[in-house]
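What follows draws every value from the coordinates through simple rules; no lab data is involved. Note that the coordinates shown come from a computational prediction; the quantities given were computed from them, not determined experimentally. Cβ coordinates were reconstructed from backbone atoms using ideal geometry, including for glycine residues, and neighbour counts include every protein chain displayed.
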Amino acid sequence: MMITYQITSMAIGIAIAVVILFLVRRDHLHGPYAIWWIGAALTIGILGVFPRFFDYLAVYVGVSYPPILGVVLGFSMLLVKILTMDLERSRQERLIRRLAQRLAMLEAQGPLTPAQEPGSEASRVKE
């Protein structure tokens, strides 16, 4: 039996999906980030099973050389991924800045008494 590019791309897609699921299960990769990678694995797997689909899609959108469609779509997805990463990073930086400001305001109020310390028994009773 000869190994074809279809079998190879299916194997790559399945391997990526298994690794992503393993990382999510071990809590090394969070759900929203895993969705991107699972989508990439599914795309690779589907194109491995139905390689002519990509050729038909290229003709349908007017691309005369089908392999360049993969490059353009891959590049476009990378740009979207980078944009979403930057949005998430901006959100996290804003939250960190607000937390630092709140901490500075609390420290400016003066030293906390033992009853006001976070995690103390007295502060838990107030909550």
When the Karplus curve 6.51 cos²θ - 1.76 cosθ + 1.60 is applied with θ = phi - 60°, which whole-Hz ³J(HN,Hα) does each residue of region 64-70 get, with x for Gly and Pro? 7, 10, x, x, 5, 4, x
Could you pull out every residue, at least 5 positions away or on a different chain, whose amide H is within less than 5 Å of the one on L29? Hs are placed 1.01 Å off N in the peptide plane, and Pro or chain starts have none. V24
Matching label, volume of the Cα convex hull per residue in Å³ computed from the structure shown, candidates [x] 224; [y] 115; [z] 160: [z]
Protection proxy ranking, peptides 65-76, 80-91, 39-50, average beta carbon neighbours within 10 Å, highest first: 39-50, 65-76, 80-91
I'd like the orientation of helix 5-25 relative to the chain: the angle between its Cα long axis and the longest Cα principal axis, in ° from 0 to 90, rounded to 10. 10 degrees
Relative to the longest principal axis of the chain, what angle (0 to 90°, nearest 10) does the C-alpha long axis of helix 31-49 take? 10 degrees
